[in-house]
Every structure is written in structure tokens, then in C-alpha cells.
Amino acid sequence: MALGWLVVLPFLAAAFVALAARFMRPLATWIAFAAALFGLGLLASERVGMATHGVLLWRREWLPELGLAFALRLDGLSFMFALLVLAIGLLIFVYANYYLAGSESLPRLYLLLLLFMGAMLGLVLSDNLLLMVIFWELTSLVSFLLIGFWPSRPDARRGARMALTITAAGGLGLLGAVLLLGHVCGSYDLAQILAQSGKVQRDPLYPAILLLFLFAAFTKSAQFPFHFWLPHAMSAPTPVSAYLHSATMVKAGVFLLARLYPVLEGTDWWVYTVSIAGLVTLTGGAAMALVQRDLKGLLAYSTISHLGLIVLLFGLDTDLSTVAALFHTFNHAVFKASLFMAAGIIDHETGTRDLGTLRGLRRYMPYTAALAGVASLAMAGVPLLNGFLSKEMFFGETLAQGLLGDFNWVIPALAVIAAGLSVAYSLRFVYGVFWDGATPRDLPHFPPHEPPRFMRLPVEILVVLCLLVGLVPQQTIGRMLESAAWITLNGSVPVYSLSIWHGLNLPLAMSAVSFAAGAMLFFFRRDAFRHHRSLLSEMNASEGFDRFVQRLEQVAARIVRVFENGSLPSYLAWMVGAMIVVPGSALLALTHITGPRAGLPVDPVTLTGLALAALLAVAVVRVRANTLYALILLGTCGLLVTLAFARFSAPDLALTQMSVEIVTVMLLVLAIYFLPVKQRAIETVSARVRNGVLAIAGGTMIGGVAYAVMTRAPGEGIAPFFLANALPASGGHNVVNVILVDFRGFDTMVEISVLVVAGLAVKALLRGLRLAAPATGPGGLPWSSQSHPLLLAILARLMLPLTTLVAIFIFLRGHNLPGGGFIASIIASVALLLQYMASGVLWAESRMRINYRALAGLGILVAAGTGLGSIAFGRPFLTSAFGHFHLPLVGEIELSTAMLFDLGVFCAVIGTTLTIVSHLGVRDKDLQSVEKS
């Protein structure tokens, strides 16, 4: 159960932060800090309970029919990544409190960081790949909000859009890969997938699965050619960069490679695709980092380069290279987070990140200079620091590979070049900022000074960790690294040593060459900058992305000009045409329309009703120019459909149809007040021919499909299952209602969510709309001076309590008799709509002071909370529980959780309906009065 709380805790803390920000801002800091600290405690307690190389599992069913479960898995690999997420997140919370001290946006930052922490924990702990996809996309959405944290800045908006475009595209690739992998393996559970690596690699779908997974990993971890979003993300606040772009979000792609390594590795597809992408990113990112003028830009490109190093190690596809990749993942997160926070301190105290301006800060900020110096040397791979150990393992693996045959020397040579560039940009960071020049010049904040003590504390902790891992690696990280490697390598961990001295060997010589070359390149950097800029000036990937987006927009504009011509009949024609072509093509493939099942006899009453409905439909077409008459005939058609449902023993459908028909007619009556009584027919002859052909073809296709299905359907179908399970599984005799709130409750949940979103969209479209009241009514007669007839108003008020009582009765009986939350909500909406029609908006809203949007949102929350409650008890989402209770004076009653779900539906429908009607059919002068009030 602790694993479940580990994921849920940050989301709960985010909710408390949202509440605390309105009453006590400092409380938000303590909530965020406590959530991360308590999460670390939970993680540590679970780790203590794990045996060596053990796996802890926690599972709650969600949608078992789809293979989706809220399943979590804690093993050595997920423990290491969860530790990075929580520990560095805790330090970021402390740091952010001083970075944004006094800012009103600090609680919002904590809220988003906590949401991101929860999404990352869910991602690394997921034992179900579909669940991993959900958390993967959630990290993209929250990172979009974090990168665009300052929406007034154009660069923040652009960086956020770019990051979301690239990473969300990768998320779609991940979804495709997961669906294909689940198809091959027959499950989305990680244990079953990891056990079928041979089957996956023998399957013809393996190349597609691999490329889609790599697309997702490369976009998230900023690998070439998808690297360009990361430098633009530096417009985010520095705490965001230190958290997302060093230790968490950009490591998600690395985690994906490690998690699925046993399934995907070992083929030429894997080795060459991953190795080439990693090698290009490693060298290209290092070269770009050296010439950046922005301090965070330098760190962004260096992050890209180090991520390329990790990906290259996975691509080399040896056991030891995988261990080195995991080791460098941890080391990079530690020294890069400290460097980002040091850069934030410099920016915070000087007011600039321009490397052309910053110099000589050691005199003013000696402690920060020392901390940044140690972290920079760790990034450069200097001995006695953590970066040196993983870099030595990297050099050794480049020498051991044999990917290029006679050209095997290319990879070690490029590795040395990239390491030399790493030394050069590390020296530029620390020497150029703190030692180069006697006195800083043109600083916005002068003189600079050391930051507050606790703002520097997170950097100090991470720098000490760089030293400890560099000096005593086995004692600090050895066991965790071995456990993570054990899981990644499926139990075949090679023999390796984490000692700081391995003698005089070729990797040490490669390090010495890279140090010398990097120092020389740094001191002759100005010539290198000039040649570098001239060489890569035309290779700006972000500009290529912008050009690609512009061309997409141009193509979209051409399509819009063709299809979006402002004609509603034209839009309907395209939709009906698509509806005819797509299902109709399957109908044409049938050799016989009639199936083996014999039809039922048609009695005279039913035939008369069908003929009358058809005649009414034809009459609607004939009188369509007269809006009121057409509406009356349409309403009559709807009532005939109601009678048809009642005729065929479907009372729930009959009640629903009748209620919806009444509400629809009332809404249309409000709308047609502004329409001309008689509309001039404007269709051309060709348009009429087109409409007639589409109508005949559409009717024929729908009728043909229905006839083909009904004559082929089995005699029993699915009805016996629901009839047999409705009462024992959900405690309800009304099978239709049980299906809606239990068996197909997820569908209902999605439907009311769409309904609420549509209602809010209508509200937004109608808000501010100014419609002048028509001068005359039907026949050119003037409208009555009495806008709201007294008799209608009195009758409406008398009907309100009666109709409300009927709605409550229908609601309470719905689980066992015809009725339910949806029908009850429509009946209640009719009563409330009638008050608007009879007495006007001003009168109604002055007496019904209800926030309808909040009511609709409450309905969604109640429905979702009911579903989540079942998960808390180990049951699938929206599983009902029921029981029989005896009350004094009342007797035995039945209570079911489905009633709570129905209550959510009730609130959502009423809130949405009245949200729409509050502006529909309102006269211009009344609307102005409402908005003023």
C-alpha cells in the first residue's frame, strides 16, 4: 500500500497547496517540503523491506477489459530513479523558496512541481505499460505549464509550445509502441513482457515497436534530431530547469531505454540506431555548449551531450556499458542539478546570465565560486569526483566495442573529442564567470553578494555528494547501482569495480588527452567560436522546426479555405458524405444484405406509427422555411419515437427520449426568438440535388446497416449476461440503469465529461453576444408589451415543486425501476428552464443563485470520486457496492454506490443545461443587465 501512497502523495499535496495559497502562502512551502520528505521516508521504508534484487508489487484493477491496471513496481531500477525524483525535488523545494522569495507565483510553482513529481513517480514505478503512457503524457502537459511559467514572456510561450509539440509527439509514438507490444505479448504487464523478449524480437512487428519506442525516448531525452526543444526550455525559472532538465524529465527517455532494455536490445536495429543517435548527440551537443553566451544555454547543450553519452552506452549493448549508463545517469543528475542551481544563484544575485558580462565574481561570491567549481570539474570528469568514474567506464567501453569493423577507432576518437569539449565548456562556466577578469562590468545588480544561507544549502549537499561518490563510490552508490543493473540486465550483472584507481591504462590516457585538448581549446576559444558559428550557422534545428510548423500552417490554411466556407449545409454535406462512404464501403462488401435470422411480423399499430413518423419528416422538409412550424413537427416526430420505445417495452428509453425532446424544444424556442419567422430559401438547384442525393443515400445506408445487423445478430446476444448479472453484481433490477452506472460506467463518465466541456464551450461562444430583439412576431404583428405573461409565470412557479418532486422520485427509483440520474436531471432541467422562459433571466437568476458551472464540475468530481473509491478497495474503476439496511420506522432499504455516481450525472447535466440557457434567448438589454449584476 505504501507504493500507492508514494504516487498519490504529491497529487494530494498539490491539492493542499492550491487551498493553502488562498489563505496562508508560507504554508504552501511547508506542504511541498513535507510531501517530498515523507515520500523519501516511504521509499526508504520500502527499500529496507526489499530483499537483494527483490521486486515489490502493488496492484489495483482499473479497466481490466482493456488491460489497464493501476499497478506499481519497485525494483532496483525504479528505486534509483524514484530516489532522484524525490531527493532532488526536496532540494528544489528549498531552493525555490528563496529564488522566488516574495513572489505571488511561488505557490503556483510548488503546485506544478508537485504535480510533475507525482507524474514522474508514476512513470518510473508503473508496472503496466498503459499506465506508464498516461503518466508519460502527464509529464509533458505539466512541463508545458512549468516551461511557460511566465506567460508574459514570448520566449517562455515559444519554448513551452515547442517542448509540448516534440514530447507529446513522442508520447503518441510510445502509445503506438505499447499497443503493438501488448498485441505481440498478449498483456501490458511488465513482468509478462520482460519474459517474452525472444518472441518480441522474432515478431515481424519488432522494427516498428523498436523505432516507436526510440522515437518516444529520443524526444523526451532531447536526442538528435529532436534535441532543439531543450535549449528553448531554458526560459523556465531556474528551479524548473534544475529539476526537469537535469534529473527528471529528460531522464524519462533514459529510464524507458533501461526499463525495456531486456526486451529490445541485442539486435542490429537496436545497436546501430541507438549508438548513432547517441554519438551524434554527444559530440554535437558538446560543440554547441562551448559557444553559448547564455549560462543556462551552456548547461542545456551540455545536458544534451551527456544524455547522448548515456544513450550511446546503451547502444554499445554490452553488460558493462549498461552499468556505465546507469552510473552516469545518477552522476549527471547530481552535478547538473547543482550547476543549474548555481547558475540560478548567479542570475538571482547579478541580474544576468550573459557570459560576455559575467566575470570575476569570486571576490563577491567566494562560496558559490567554490561550489560551482567543484560541480564543473565533476562535469568535466576530473579525478576524485563522481563524473570521472563513469567517464572512465565510458572510455573503456568505447575501446571494447566492435561496431564499425576497420573503423572501430572512430567511436573512441569522437569520445575523446567530446570529453575535450566537455572540459572546455566546464572551464568556461567556472573560470569565465568567477576568475576571468578583475572586476565584473555592466551588471544589473552591483555589487553582487552571496545568496541566503539556505538557498546555497541544496547546492552544498549535491556538491558533497559529488565528492563522496568520487572518493568512496562503492560505499555510497555501489549497492544501488548493482541492484539497478541487475534488473536492467535481467540478472546478468558483469564483474566491475568502482575503485578510483585502476592503474595506468588506455582509458586513463584518453582522459589525460581530453584534459589537455579541452584546456587548450578553452584558452584558444575565440578562434574556435568564430569557426564554429560560421560552420553551424545554417544548421539551426529550431529554425528548421519553425519553418516546418509554418509550412504545416500554410497547408492547413489551404484546406480550411476549401472546406470552411461559412456554409452550414456544406459542412453537413461533408459529414454525411463521410458517414456514407466509411460504413457504406463495408456494406457493399456483403454478398447478401439479408442474414439468416428471420424477421418479426409488423403489426398494424406499429406500421401506422412508422408511416406517420415518415410523413411528419417529409412535412418538416416542406415547411422548413417556417421555423416555428418546423419545430412543432420535429417535436411531434420525437414524441412518436417515444411511443415506439414504449411500444417495444423500453420504458427507460421512452422516458429519456421524452425528457430530452421537451428540453430540446424549449431550448430551440428560446433560440428561434431571434430568427425570422419565415426564412428565405437560398439553396441553388445544384445544392438541392446534392442534399437530396445525400439524404437518400444516407437513409439507405443507415437502414441497410441496421437491417444487415439485425438479421445477422444471434438470437440471444449479450442480453442474457446483463440480465443474469445485474442483480447479483450491482444489486439493481433495472438492467438499463445498471449498465449505465456500473457495467458501462466508464462510458457514462466520458459522456458527461464531454457534455460539460461542450456546455462550457457554448457558454464561451454566447458570452458577449449582442442580439437585438426582433421588431415583429409571426404575421408581422408586433410583440406583446407583456414580455412575461402573468399566467405562464404563475403556472411555472406552481409546477416547480411538483416537477422537482417527480425528478427526485425518478432519481431514487432508477436502480430498480425505470428512471435514473440522467432522466431525473432532464426533468429537473425542464422545471428550471420553464422559470427562465416564464419570468426571464433576471428574475430567475436573482432567485436561483447557483453557480451552474461549479455544479457541473461538482458532478464530474462526484462521479469520478465514486469510481476512484472502488479502486481504493481493490476493485476495478466504477465497480458498484451495495447492501441492504434496516431503519426504524422505514424498514429495509437498499443503498448502492451507484446512487452516488447517478448523483454526479444528475448534477453534471443540470449544471451544463442551465449554463447554456443562462445566455440563450436573452435580449440584448437583459444581457447587459445580467453582466452588470
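Taking label positions 7 Å along the Cα-Cβ direction at both residue 574 and residue 276, the computed distance is 4.0 nm, reported to one decimal. Could you tell me the calculated FRET efficiency between residue 887 and residue 733, based on Cβ-Cβ distance and R0 = 22 angstrom, to the nearest 0.05? Computed FRET efficiency for residue 887 and residue 733 comes out at 0.60. Full extension of the segment from residue 183 to residue 649, taken as 0.36 nm per residue of separation minus the current Cα-Cα distance, would add 163.7 nm. Quick one: helix 2-23 against the long Cα principal axis of the chain, what's the angle to the nearest 10°, folded into 0 to 90? Taking Cα atoms only, the helix is inclined about 80 degrees. The modelled label-to-label distance between residue 101 and residue 457, using points 7 Å beyond Cα along the C-beta direction, is 1.3 nm.
Taking amide H as placed 1.01 Å from N in the peptide plane, the amide H of residue 877 sits under 5 Å from that of 62, 63, each at least 5 places away or on another chain.
Once the Cβ-Cβ distance of residue 519 and residue 152 is raised to the sixth power relative to R0 = 41 Å, the FRET efficiency obtained is 0.45.
Extension gain for residue 37-residue 555 works out to 181.4 nm (0.36 nm per residue, less the C-alpha to C-alpha distance).
Placing a label point 7 Å from the Cα of residue 55 along the Cα-to-Cβ direction, the residues of segment 484-514 whose backbone N falls under 12 Å of that point are 487-491.
Axis angle, to the nearest 10 degrees, between helix 106-125 and the longest C-alpha principal axis of the chain: 80 degrees.
Subtracting the Cα-Cα distance of residue 805 and residue 894 from their residue separation scaled by 0.36 nm leaves 30.0 nm.
Taking packing as the residue-averaged number of other Cβ atoms within 10 angstrom, the listed peptides 413-419, 86-92 run from highest to lowest as 86-92, 413-419. Charge tally around residue 491: other residues with Cβ under 13 Å, Lys/Arg +1 each, Asp/Glu -1 each, net -3. Of the options (i) 12, 36, 31, 18, 3, 0; (ii) 12, 30, 26, 21, 10, 1, 0; (iii) 13, 40, 31, 13, 3, 0, only one is P(r) over Cα pairs in 20 Å bins from 0, in percent as computed from these coordinates, and that is (i). Sequence-ordered 3J(HN,Hα) estimates for segment 416-423 from the Karplus curve with 6.51, -1.76 and 1.60 and θ = phi - 60° stand at 5, 4, 5, 5, x, 4, 5, 4 Hz, glycine and proline given as x.
If exposed chymotrypsin sites (Phe, Trp or Tyr not before Pro) are those in a DSSP loop with at most 13 other Cβ within 10 Å, what is the longest stretch of the chain that has none?
The reported range is 1-408.
So what's the gap between the Cα centers of segment 113-189 and segment 299-371, to the nearest angstrom? Answer, in whole Å: 24. Once the Cα atoms are used to define both axes, helix 453-471 deviates from the longest principal axis of the chain by about 60 degrees.
Amide H contacts of residue 294: 355, each under 5 Å away and 5 or more positions distant or on a separate chain (H built 1.01 Å from N in the peptide plane; Pro and chain starts excluded).
Proximity of backbone amide H atoms, modeled 1.01 Å from N, is registered between residue 126 and 73 at under 5 Å, excluding neighbours fewer than 5 places apart on the same chain. Quickly work out the residue 408-to-residue 582 label distance, labels modelled 7 Å from Cα along the C-beta direction, and quote it in nm with one decimal. In this crude label model, residue 582 to residue 408 measures out at 5.5 nm.
Coordinate-derived values only; no laboratory data. In this text, all values refer to a predicted model and were calculated from it rather than measured experimentally. Methodologically, a virtual Cβ is constructed for each residue, glycine included, from the backbone with ideal geometry; neighbour enumeration extends over all protein chains shown.
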